[in-house]
Amino acid sequence: MSGGHGKHSGTPCSEVLEKLYTYIDGELEEPNCEQIREHLDECGPCLDEYGLEEAVKKLVAKHCGCDPVPMDLRDKVLGRLARARTEQLAREARTESPGTPA
Ligand SMILES: [Zn+2]
């Protein structure tokens, strides 16, 4: 699945990044955790472009499993997310036309 239509699961990357950030920061409820996991399972850009794959999956798995999240991992992911959100928002603002080829 590598379509550039951003139509999978109905949740745009920027929204997921936003949620993920809030989620890791500890303010998001459990049901959203599933949504984030599903998105990350399907979304190439989130994993490849933002380098979130390993760290985030580990973090989400731990967090969802009620294990304490290591601070260094948490900081690392939060830092990446902050940058990824900025990039994503800038890109979406620039790319006004839908269906941009990869
Ligand atoms: Zn995504």
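Quick one: what are the phi-derived ³J(HN,Hα) couplings along region 80-92, Karplus 6.51/-1.76/1.60 with θ = phi - 60°, whole Hz, x for glycine and proline?
Residue by residue, region 80-92 yields 5, 4, 4, 6, 4, 4, 4, 5, 4, 5, 4, 5, 5 Hz.
Give me the percent relative contact order of region 13-94, please, defined on Cα pairs under 8 angstrom at least 6 residues apart.
38
Give me the Kirkwood hydrodynamic radius of region 13-94, using the inverse of the mean 1/r over all pairs of distinct Cα atoms, in Å to one decimal.
12.5
Read-outs throughout are calculated quantities, based only on the coordinates presented, and are distinct from any laboratory measurement. All figures in this text were calculated on a predicted structure; none of them were measured in a lab.
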